[in-house]
Amino acid sequence: MSEKTSKAGGEIFNTAVKAKNLGIWMDHSNAHLMEFTTVPITTHIISSKFTHEEKEQSLTKSENLMHNKEQHEQSAYYKRLGDVIRNYEDVIIFGPTQAKSELLNVLRADHNFEKIKIGIEQTDKMTQNQQHAFVKDYFSKREFR
């Protein structure tokens with residue numbers, strides 16, 4: 001199982017078989033994207049640019065500046081995820097924080113995502129193997145409905 005990091009959205013999976021299902025484990029800092037295909041699942045990571053260091057640096061200047069910067073970086077993070085999600089038909093977003101609900105609200109506000117089935121589920125922090133098992137289980141059950 002491989003893990004790759006991506007700073008940009010768009011096409012991050014270069015598989016010969018076009019997957020239609022995508023699992024995303026996410027929090028406010030990182031999103032682990034996993035295509036559900038018959039080949040072994042690989043994970044690509046998209047990270048928010050608003051790091052703990054940037055938060056500390058912004059706080060020393062002003063709290064208002066920090067919140068503006070955080071909002072801007074979070075918006076860019078969700079846009080990069082949306083750029084990837086638009087290439088799929090069925091997406092499950094899961095994780096321990098409210099980031100998944102925030103992303104879902106952003107996507108629902110954009111008519112380009114109307115035809116994409118997007119679900120969210122609350123989960124705890126997970127290892128990569130647990131994330132892969134969750135995605136396999138989720139989409140395997142959906143194929144038989």
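What number of residues within segment 95-127 are outside any strand (DSSP E or B) and either farther than 24 Å from Gln74 by Cβ or touching a Pro at 6+ places or on another chain (Cβ under 9 Å) (or both)?
Residues meeting the conditions: 6.
For the structure I just gave you, tell me whether Ala76 is under 20 Å from Ala133 (Cβ atoms) and either modelled with pLDDT of 90 or more or over 11 Å from the mean Cα position of the chain (by Cα) (or both).
Spelling it out, it is not the case that Ala76 is under 20 Å from Ala133 (Cβ atoms) and either modelled with pLDDT of 90 or more or over 11 Å from the mean Cα position of the chain (by Cα) (or both).
Being farther than 14 Å from His28 by Cβ and of a type outside the set (A, V, I, L, M, F, W, C) is the filter here, so list the residues in segment 89-99 that pass it.
Across segment 89-99, the qualifying residues are Glu89, Asp90.
Just for segment 44-73: of the residues that are touching a helix residue (DSSP H, G or I) at 6+ places or on another chain (Cβ under 6 Å) and under 21 Å from Phe94 (Cα atoms), which one is modelled with the lowest pLDDT?
Phe50
Would you call Gln131 in contact (Cβ under 8 Å) with a residue 60 or more places away in the chain and more than 15 Å from Lys20 (Cβ to Cβ)?
Yes.
Check off (1) basic (Lys, Arg); (2) in a helix (DSSP H, G or I); (3) modelled with pLDDT under 95 for Lys4 and give me the number that stays unchecked.
The single condition Lys4 does not satisfy is (2).
Restricting the first residue to segment 74-88 and requiring it to be touching a residue at least 60 places away in the same chain (Cβ under 8 Å) and closer than 17 Å to Asp27 by Cα, which pairs with a second residue that is in a helix (DSSP H, G or I) and β-branched (Val, Ile, Thr) meet a Cβ separation below 9 Å and a spacing of at least six or different chains?
Lys79/Val106; Leu81/Val106; Gly82/Val106
The values are calculated or read from the model by the stated rules, or taken from the named source; none is laboratory data. The shown structure was predicted, so the numbers you read here are calculated from the model rather than taken from an experiment. Neighbour counts run over all protein chains shown; Cβ positions are idealised from the backbone, glycine included.
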